[in-house]
Structures are given as C-alpha cells and as structure tokens.
Amino acid sequence: MWNNEEKAIELILALKGNASVVLESVPVSNRNNYDNIMEALQRKYGGEHKQELYRMELRGRVQNSNETLQDFALEIERLLQLAYPGEHHPFLDIFKTDAFVNAIRDPEIKHA
C-alpha cells in the first residue's frame with residue numbers, strides 16, 4: 001500500500017501540461033501530501049476537469065491493506081464510471097481489469 005507521500009509522488013509524476021502548473025500553488029513543504037495536491041487540482045479544475053482527476057486517481061489507486069478484493073473491485077468500477085461517464089467501449093473493460101489486477105496488494109493473487 002502506498003502511503004500519502006508515495007501517492008503524492010506518483011500523482012506529481014502523472015501530471016502533464018497545465019495540470020503540472022498547479023503544483024506552483026502548493027507550498028513546497030506540502031508537496032509531499034497527496035491530499036494537498038488533490039485539493040489544489042480540484043480548486044483549479046473543479047467540475048470541468050474532474051474526469052481527468054478521476055483518471056489520475058484510477059491510475060494511482062492501489063488496494064488498501066484492509067480492503068477486500070470485492071470492495072477494491074467496486075472502487076475501481078466507481079472510479080472508472082466517474083472518469084469515463086456514459087462511455088461503454090470494450091477497451092474500458094480491459095482497462096478496468098488491468099487497473100484492478102495491477103493494483104492488487106497480494107503478489108500471489110496478482111500473479112494467479
């Protein structure tokens with residue numbers, strides 16, 4: 001499981017273009033905090049760009065240590081629906097499966 005700082009690093013690495021400029025509004029001392037970066041992104045982009053925020057969250061999502069596979073699968077599904085509302089393309093099923101499998105914590109289950 002990634003801690004808050006590791007999630008912040010992954011999010012920073014995933015930011016592209018104008019989204020990366022948002023980091024300038026986050027004090028350097030707070031840039032290692034995932035929640036602070038997400039708040040800055042939500043302030044800047046709000047509803048207009050929330051889909052991209054959900055896509056970034058989906059890409060960085062990993063199973064929590066206390067999260068069952070069923071709950072984790074539901075969370076991946078929820079994020080996918082928020083990131084791609086109303087879209088029903090076959091590639092989304094592939095993407096959902098990949099996102100789920102790649103983010104499972106237990107290596108034995110992941111490689112089964």
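Computed from the coordinates by the stated procedures, all read-outs in this text should not be read as laboratory data. All figures in this text were calculated on a predicted structure; none of them were measured in a lab. Ideal geometry is used to build each Cβ from the backbone, glycine not excepted, and the neighbour counts take in all protein chains shown.
What is the sum of charges, Lys and Arg at +1 and Asp and Glu at -1, for the other residues whose Cβ falls under 12 Å from the Cβ of Ala73?
Surrounding charge for Ala73 is -1.
Indicate the gyration tensor shape class of the range 1-49 (rounded, prolate or oblate), computed on the Cα atoms with a ≥ b ≥ c the square roots of the eigenvalues: a/c under 1.5 is rounded; otherwise a/b larger than b/c is prolate and the rest oblate.
Prolate, because a/c is 1.5 or more and a/b exceeds b/c.
What's the angle, to the nearest 10 degrees (0 to 90), between helix 50-60's Cα axis and the longest principal axis of the chain?
Long axis of 50-60 versus the principal axis of the chain: about 60 degrees.
Note the listed values (1) -0.32, -0.96, -1.12; (2) -0.40, -1.05, -1.17; (3) -0.50, -0.92, -1.04, then indicate which one is log10 I(q)/I(0) by the Debye sum over Cα atoms at q = 0.10, 0.18, 0.20 Å⁻¹ calculated from this particular structure.
(1)
Decide, for the range 61-112, between rounded, prolate and oblate: order the square roots of the alpha carbon gyration tensor eigenvalues as a ≥ b ≥ c, take rounded if a/c falls under 1.5, and otherwise choose prolate if a/b is larger than b/c, else oblate.
Judged from the Cα gyration tensor, the range 61-112 comes out oblate (a/c at least 1.5, b/c at or above a/b).
Nearest 20 debye, what's the magnitude of the dipole of the range 1-49 about its Cα centre given +1 on Lys and Arg Cβ and -1 on Asp and Glu Cβ?
So the magnitude is around 120 debye.
How big is the dipole moment of the chain about its Cα centre under a simple scheme where the beta carbon of each Lys and Arg is +1, that of each Asp and Glu is -1, and everything else is neutral? Debye, nearest 20, please. Don't jump to the answer; show the numbers that get you there.
Working: 13 positive and 18 negative charges, 61 e Å.
For the chain, the charge dipole is close to 300 debye.
Which of Lys50/Lys96; Lys44/Lys110; Lys16/Lys44 have a Cα-Cα distance over 26 Å?
Beyond 26 Å: Lys44/Lys110.
Once you put a point 7 Å from the Cα of Lys50 and another 7 Å from the Cα of Ala14, both along the Cβ direction, what distance in nm separates them?
Each label point lies 7 Å from its Cα, and together they span 1.7 nm.
Could you tell me how many degrees, from 0 to 90 and to the nearest 10, lie between the Cα long axis of helix 4-14 and the main elongation axis, the longest principal axis, of the Cα atoms of the chain?
For helix 4-14, the angle is close to 80 degrees.
What order, most packed first, do the peptides 6-14, 25-33 have when packing is the mean number of other Cβ atoms within 10 Å of each residue?
Top of the packing list down: 6-14, 25-33.
Applying the Karplus parametrisation 6.51 cos²θ - 1.76 cosθ + 1.60 with θ = phi - 60° to the phi angles of the range 100-112, what ³J(HN,Hα) value in whole Hz is obtained for each residue in order, glycine and proline being reported as x?
After applying 6.51 cos²θ - 1.76 cosθ + 1.60, I find 5, 5, 5, 9, 5, 6, 6, x, 5, 6, 4, 9, 6 Hz.
Restricting to Cα pairs below 8 Å that are 6+ residues apart, what does the relative contact order work out to for the chain? Please round to a whole percent. Don't skip to the answer; put the middle values down first.
Values: 91 pairs, mean separation 28.4, N = 112.
Dividing the mean separation by the residue count of the chain yields 25 percent.
Using Cβ contacts closer than 10 Å as the measure, can you line up His49, His89 from fewest to most?
His89, His49
Mind checking which of Glu24, Glu57, Glu39 has the largest fluctuation in a GNM of the chain, springs on alpha carbons under 10 Å?
Of the options given, Glu24 has the highest mean-square fluctuation.
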